[in-house]
Amino acid sequence: MSPVDQSYGSASCELSTVPPNHRVVLTNEKVTGPAAAQLIRRSGILDVRKHDLEVLDNATGGGILVAELFRLAEEQSGSLNFKRVVAGDIDDSMLRAVQIKKDDTKSSSLWGKVEPMKIDQQAIPMPDGSFTHLFNNMGIFFCQDDEKALREAHRVLKSGGVASFTSWKSIAWWEEIAQPAIKQFIPGAPELPGPANLFPSRGWSDPAVIPSKLEKAGFSDVQVDEFKFTPNVEAEEFAEAFGVLVKIVAKRLWSDEHCATYAPQIEPALRRYLEENYASGRWTGKMIAITTVGRKT
């Protein structure tokens with residue numbers, strides 16, 4: 001595995017894996033978008049020419065992977081033939097964000113093929129052999145039972161179909177910004193856990209462990225690679241978007257009293273830490289994503 005290194009630019013404590021605020025969704029996509037684009041390249045879908053593509057983007061969020069797929073497809077002069085594209089998510093607010101992209105007159109005409117659909121990745125409401133390609137961009141982290149999700153992914157693929165996943169090897173901003181910001185600017189707040197303990201599905205940060213997960217579900221030819229990049233996000237955007245994730249963790253681990261007292265201070269603490277420690281408030285650290293691709297034989 002040889003990491004790819006690139007740079008990309010451009011006050012409640014509710015427990016939700018995704019914020020309803022569309023602007024926050026778009027900021028999050030500045031972080032997950034580069035990984036999505038790399039996953040698409042690694043999946044081999046851009047090299048397909050001979051048959052109609054039937055795609056499921058599972059745990060689609062606001063649809064950033066679909067957007068990247070269409071962008072990359074159009075760079076190839078429309079050589080890809082999409083028969084069906086399903087953007088699935090269990091969260092209604094995310095499906096509304098997908099619909100916004102679909103309705104945007106500036107969007108690719110390919111968005112007309114997109115079907116936003118409420119889907120639990122652990123129980124996909126589709127017949128066996130429905131898709132040629134399945135993508136899951138960072139959603140596997142939030143899955144309570146990743147074995148069940150992988151079995152479902154394998155089931156809904158056609159023979160020869162490809163499943164592709166991203167996960168985080170390193171959530172560097174958590175250790176470099178979130179933990180020290182809370183400690184420095186919110187006296188009395190409980191410490192945050194390390195990044196390895198943030199998500200229900202374990203093992204997805206270890207490239208040595210991931211292949212066995214897919215192989216157990218029936219996949220073969222599993223390929224795992226790493227991808228480094230620096231998200232280019234303003235301090236205000238960063239604090240707002242990533243403050244949501246910190247609050248999710250706080251809600252799970254802090255007492256109700258601590259959450260009520262300290263959660264409203266999280267976003268200001270993140271922004272202050274960025275502005276005091278980084279030029280123009282822009283974090284310069286590296287995110288390390290893992291791309292995993294497997295085939296159904």
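At-a-glance table
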| quantity | calculated |
| --- | --- |
| Test: residue in region 147-157 that is surrounded by 20 or more Cβ atoms within 10 Å (Cβ to Cβ), within 24 Å of ARG41 (Cβ to Cβ) and among the charged types (D, E, K, R) | no |
| So LEU245, is it buried (at least 17 other Cβ atoms within 10 Å of the Cβ), modelled with pLDDT of 90 or more and not in a loop (DSSP other than H, G, I, E, B) | no |
| Scope region 270-297; condition small (Gly, Ala, Ser) and surrounded by 19 or more Cβ atoms within 10 Å (Cβ to Cβ); matching residues | GLY281, ALA289, GLY294 |
| Qualifying residues in region 204-234 (those that are in contact with an Asp or Glu (Cβ under 8 Å, 6 or more places away or on another chain) and assigned to a loop (DSSP other than H, G, I, E, B)) - the one surrounded by the most Cβ atoms within 10 Å (Cβ to Cβ) | TRP204 |
| Any hit, region 253-265, residues being over 30 Å from GLY44 (Cα atoms), within 24 Å of the chain's Cα centre (by Cα), at pLDDT 90 or above and crowded, with 22+ Cβ neighbours inside 10 Å | no |
| Boolean, ALA172 is more than 20 Å from PRO231 (Cα to Cα) and either of a type in the set (Gly, Ala, Ser) or surrounded by fewer than 18 Cβ atoms within 10 Å (Cβ to Cβ) (or both) | no |
| Residue in region 283-290 that is part of a helix (DSSP H, G or I) and farther than 25 Å from LEU65 by Cβ present | no |
| Single condition SER93 does not satisfy, out of (1) surrounded by fewer than 21 Cβ atoms within 10 Å (Cβ to Cβ); (2) at pLDDT 90 or above; (3) within 21 Å of the chain's Cα centre (by Cα) | (2) |
| Residue list for region 47-63, restricted to those being at pLDDT 95 or above and not in a loop (DSSP other than H, G, I, E, B) | LEU53, GLU54, VAL55, LEU56, ASP57, ASN58 |
| Residue check for ILE186: surrounded by 15 or more Cβ atoms within 10 Å (Cβ to Cβ) and modelled with pLDDT under 95 | no |
| Flag for SER167 being surrounded by 17 or more Cβ atoms within 10 Å (Cβ to Cβ), at pLDDT below 90, under 21 Å from GLY61 (Cα atoms) and among the hydroxyl-bearing types (Ser, Thr, Tyr) | no |
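Conditions tested, residue by residue: (1) more than 19 Å from the chain's Cα centre (by Cα); (2) among the charged types (D, E, K, R).
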position: LEU157; (1), (2): yes, no
position: LYS183; (1), (2): yes, yes
position: PRO187; (1), (2): yes, no
position: LEU198; (1), (2): no, no
position: ARG202; (1), (2): no, yes
position: ALA208; (1), (2): yes, no
position: LYS216; (1), (2): yes, yes
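The values are calculated or read from the model by the stated rules, or taken from the named source; none is laboratory data. The model shown is predicted, which means the values in this text are computed figures rather than measured ones. Quick reminder, even Gly has a Cβ in these numbers, built from the backbone with ideal geometry, and neighbours come from all protein chains shown.
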